[in-house]
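The values are calculated or read from the model by the stated rules, or taken from the named source; none is laboratory data. Computed from a predicted model, the values in this text were never measured in an experiment. Positions of Cβ are backbone-derived with ideal geometry, glycine not excepted, and every protein chain shown enters the neighbour counts. Surface areas here come from the heavy atoms of the whole protein model, side chains and all, with no ligands, DNA or RNA. Shrake-Rupley method; radii C 1.70, N 1.55, O 1.52, S 1.80 Å.
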Amino acid sequence: MRKMHEAKQRGDKEVVVWGTGTPKREFLYSDDMADACICLLEQPEEKLQSLFNNTHPPLVNVGCGEDITIRELADLVKNVIGFTGRLTFDTSKLDGTIRKLMDVSQLNALGWKAHICLKDGIAQAYVDYLERTKGAI
């Protein structure tokens, strides 16, 4: 986000993204994480124990259950920020793990789902970034 914002401010024609852009990642907005924690805290102990195989404390994956490629993410950030240059992927840099996605079926079985879509989360984070960095460039 910062890299693309600064490139926009400078009028750069290009932003370089490391890797091929094909690995997939899952993102969860912090307010959704807090909401999931509250949902879990409000559940009766017996319900949690039965749903999470009697582990104590129950081990719970928290996520949105959807992933996106790094290329799609970079395009989304580019659009939210309003950067008009091109994205170039530096394939000499490593991609890392190909996919990181949580199985959130147990949490969804409690009736919880993430509410903030990735685009809205990025937009909110960008507004916050702009507020915190006023006059930075």
Please enumerate the residues belonging to region 16-48 that are open to solvent by 30 Å² or more (accessible area, probe 1.4 Å) and either small (Gly, Ala, Ser) or on the phi > 0 side of the Ramachandran plot (or both). Ser30, Ala34
Which pairs turn up if I take residues in region 55-73 that are open to solvent by 40 Å² or more (accessible area, probe 1.4 Å) and look for partners that are at pLDDT below 95 and of a type in the set (Phe, Trp, Tyr) with beta carbon separation below 7 Å, at least 6 apart in sequence or on another chain? Leu59/Phe52; Val60/Phe52
Among what's in region 80-135 and is within 17 Å of Gly21 (Cα to Cα) and of a type in the set (Ser, Thr, Tyr), pick the residue that is farthest from the chain's Cα centre (by Cα). Ser92
Please go through region 68-90 and pick out each residue that is within 16 Å of Ala7 (Cβ to Cβ) and part of a strand (DSSP E or B). Arg86, Leu87, Thr88, Phe89, Asp90
Residue among Phe89, Phe52 that alone is open to solvent by less than 60 Å² (accessible area, probe 1.4 Å), in contact (Cβ under 8 Å) with a residue 24 or more places away in the chain and over 30 Å from Thr133 (Cα atoms): Phe52
Conditions (1) open to solvent by less than 50 Å² (accessible area, probe 1.4 Å); (2) under 26 Å from Leu130 (Cα atoms); (3) out of contact with any helix residue (DSSP H, G or I) (no Cβ under 7 Å at 6 or more places or on another chain); (4) in contact (Cβ under 8 Å) with a residue 24 or more places away in the chain: number failed by Val77: (3)
Taking the condition at positive phi and either touching a Lys or Arg at 6+ places or on another chain (Cβ under 9 Å) or surrounded by 17 or more Cβ atoms within 10 Å (Cβ to Cβ) (or both), does Gly82 pass? yes
Reported set for region 101-137 where residues are under 17 Å from Leu73 (Cα atoms) and either aromatic (Phe, Trp, Tyr) or part of a loop (DSSP other than H, G, I, E, B) (or both) is Leu101, Ile116, Cys117, Tyr126
Considering only helices (runs of 4 or more DSSP H) wholly within region 1-60, the ones with at least 3 residues that are modelled with pLDDT of 95 or more are 2-10, 30-41
Is it the case, given these coordinates, that Lys93 is in contact with a strand residue (DSSP E or B) (Cβ under 6 Å, 6 or more places away or on another chain), over 24 Å from Pro44 (Cα atoms) and part of a loop (DSSP other than H, G, I, E, B)? yes
Just give me the residues in region 102-116 being open to solvent by less than 60 Å² (accessible area, probe 1.4 Å) and among the small types (Gly, Ala, Ser), in sequence order. Ala114
